[in-house]
Amino acid sequence: MGFSDMFMVVPNAAASVAIWFVVLAVVLYFARQPAHQSIRSFVRILHNALRLAASSIMSAEQMLQARNREVLLAAGREAAERMIEREFERVEAMVHKDLAEYPALQRQVSEEITRIAEDYEKSTNVPPDPPGWSKAVEAVAGIPVKGDPMVGQILQDIHTSLVKAQAKAIEEYRKSSLMRHAVLKRIMPYWQNVQQVLTSVDKNITSVVERSKAIGRYMDEYEEILKKSDKAVRVLSASALSQFFVSALVLCVAIGGAMINFTLIARPMAEMVGGQSLIMGYRTSEIAALVIILVEVSMGLFLMESLRITRLFPVIGALNDKLRVRMIWITFSILLILASVEAGLAFMREILLQDELATSALLRGEGMPAHDTANFVWITTAAQMGMGFILPFALVFVAIPLETFVHSLRAVLGMSGVGVLRGLAMALRFLGNVFRYTGGLLVNLYDLFIFAPLWIEGALKGGSRERHDRDGEAEGPEPMTIREVSA
Amino acid sequence: MNRCAWLVSMMAALLLQGCGEQAPQNRGVYLLMDTSGTYTKELKNAQQLINVILVKLDPGDSFAVGRIDTGSFSEKDIVAKVTFDDRPSQTNQQKRHFRDSVDTFVKSVKSAKFTDISGGVLQAIEYLNEKGNDRKHILIFSDLKEELPNGYVRDIPLQLEGYDVVALNVTKLRSDNVDPREYLDRLEAWQRRVEEGGGKWRVINDMDRLERILGG
């Protein structure tokens, strides 16, 4: 007995459908209340579960956001401390360098001033003393000649002597003026020295003032961070994002450089470790080349760390200066050796390439390469060797963007996590609401299917109510009880 | 610091994925040269073919050239054989020596009365199985017309699982011109034999496009 046999209550299909519809409608009508309750309970469970999940996700998001805030503030505080520390170091160096010379500078200035004062003293304009006998001569000269030729002669002599004395006095006066001018001229370099010294002092002071302004700015930022203000968090978030993208870009460039480096040394490595042996599915020669590059990057990291340019390894930063300097030299020496090895490998690569080209040409019957081309082979060889030597040193600087990338990655991952959690919570809430309204829709659809029994029920209820109302009107209002009246 | 190590390992993986290439499987190539009858005239082409194959082979690959003569199932019929060294410089030297050996053979070769292709294929299978290469190619440089002396049994099934068999420069004989069905039947018979043995069969007659030989 198949489904169709069960379905076909009567031979006519339409009649069977109608009968089944009526039966189902009646059954569903009687099951209406529990069915409605089930649907409502089910969607309420779903809605509540999703809301609960959304609220737990939101609380997780809050926690993550708080953690991000802490991470950002801690990173910002560290960076600000570092900047302030650096500024203070610069100011200290400046003060140490310039202000240490101030006693000497002061002595120099006072010596110059003393010299200037002495010279100034020397240059004072002293008028020549008038000859003491001039009044006596004047009196004698006033004696009347009275026609005595002798007296006239004497007076003439006196006059001549006076003129001579005058001329001599003028000459001496000129000489002394010349000397004073010479002294004043000698003062000039001293003035210039003093001026230079004072200018340099002024420059140093200005520089210190500028540094102090920068320190003041950093201190303001630092205070904001210490206050844990929203402004500081916003600034630090924006800064972390921009640092992340910039450092990622620089790292991509560095990876490009490392790839070029890899290409330079992977081929000749086959001569050393063989070209066919494999480690984890990759050629040993390629892994060896990669190891060399990674060792170079690691040495670069250690070098930068020892120079205190980066702070990825606190152990290295905490080493005493003597050990640190030793480490600088050791890492630099290893880098130098590796760079030389790479230059050698680059040279080897060119030789291998030429050999392979020559063999291929021989086998293809093309003969040896043209002489003109061979003359310029040294250029590519030298370029490859140069790149092989320089790239390891260039890779040293990967440490700086790497540090920035690592630090900003925490913040960026945190922010992305917050975004994802927020989106998830929103999606769950939306889904919860969808379920809630779907429940209402299902109830309505249920009622739509059993519209006929519902209509009959409504009609019956409506008829009895009408009758009830009519009866009520005829009988008048029911008498109220005493309690109802008093109320 | 852990994050730093993680980043460095990520960079290493990226570099290997970006620059490193998955090492190719090593190849074993056995070339059978027909030295019977008038086909010796084609040996110049065979030399050219050998040079092309040498260019295409890498360190770690194996290559052997065997002759097809009256009885080819013999080590004595291997004209030259080599397994290339891991070091590229050594490989280049080996290629030059191989070329010289083949040149010397071609200059001194004498025409054989019979053509034992099956024996040559059996020898090739034995050699390549012994080498254990990942990919195996048997190249038959012949007109595929087998002529055996009395008493030689060659009706043996060939075990060619994982083999790529390529017939090269299958020239048409005078009788083929009279009745081309002979030529087609010959090719079909060899194809059936190879495919029944589990091998892959190809025919390349265009000697200007020898680069395709080891491509498949």
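The table for this structure:
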read-out	value
Given (1) buried (at least 22 other Cβ atoms within 10 Å of the Cβ); (2) farther than 15 Å from A:LEU395 by Cβ; (3) within 12 Å of chain B (Cβ to nearest Cβ), index of the condition A:SER306 fails	(3)
Every residue from segment B:159-177 that is crowded, with 19+ Cβ neighbours inside 10 Å and either touching an Asp or Glu at 6+ places or on another chain (Cβ under 7 Å) or free of Cβ contacts under 8 Å to residues at least 60 places away in the same chain (or both)	B:LEU160, B:TYR163, B:ASP164, B:VAL165, B:VAL166, B:ALA167, B:ASN169, B:VAL170
Identity of the residue in segment B:85-99, more than 7 Å from chain A (Cβ to nearest Cβ) and buried (at least 22 other Cβ atoms within 10 Å of the Cβ), that ends up modelled with the highest pLDDT	B:PHE98
Number of the condition not met by A:ALA399 [criteria: (1) without any contact (Cβ under 8 Å) to a residue 12 or more places away in the chain; (2) within 11 Å of chain B (Cβ to nearest Cβ); (3) aliphatic (A, V, I, L, M)]	(1)
A:LEU312 assigned to a helix (DSSP H, G or I) and either buried (at least 17 other Cβ atoms within 10 Å of the Cβ) or more than 14 Å from chain B (Cβ to nearest Cβ) (or both)	no
Single residue of A:ARG410, A:ARG436, A:ARG429 found to be out of contact with any His (no Cβ under 9 Å at 6 or more places or on another chain), over 30 Å from A:ALA79 (Cα atoms) and buried (at least 17 other Cβ atoms within 10 Å of the Cβ)	A:ARG429
Selection within segment A:263-283 - crowded, with 19+ Cβ neighbours inside 10 Å and more than 9 Å from chain B (Cβ to nearest Cβ)	A:LEU264, A:ILE265, A:MET269
Hits in segment A:317-336 (condition: surrounded by fewer than 20 Cβ atoms within 10 Å (Cβ to Cβ) and either within 14 Å of another protein chain (Cβ to nearest Cβ) or in contact with a Ser or Thr (Cβ under 7 Å, 6 or more places away or on another chain) (or both))	A:GLY317, A:ALA318, A:ARG324, A:MET327, A:ILE328
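Condition check ((1) within 14 Å of another protein chain (Cβ to nearest Cβ); (2) within 30 Å of the chain's Cα centre (by Cα); (3) farther than 28 Å from A:ALA238 by Cα; (4) without any contact (Cβ under 8 Å) to a residue 12 or more places away in the chain) across all residues:
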position: A:LEU362; (1), (2), (3), (4): yes, no, yes, yes
position: A:GLY388; (1), (2), (3), (4): no, no, yes, no
position: A:PRO392; (1), (2), (3), (4): no, yes, yes, no
position: A:LEU409; (1), (2), (3), (4): yes, yes, no, no
position: A:VAL420; (1), (2), (3), (4): no, yes, no, yes
position: A:MET426; (1), (2), (3), (4): no, no, no, no
position: A:ARG436; (1), (2), (3), (4): no, no, yes, no
position: A:GLY439; (1), (2), (3), (4): no, no, yes, no
position: A:ASN444; (1), (2), (3), (4): no, no, yes, yes
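The values are calculated or read from the model by the stated rules, or taken from the named source; none is laboratory data. Everything numeric in this text was worked out from a predicted model, so none of it was measured. Cβ coordinates were reconstructed from backbone atoms using ideal geometry, including for glycine residues, and neighbour counts include every protein chain displayed.
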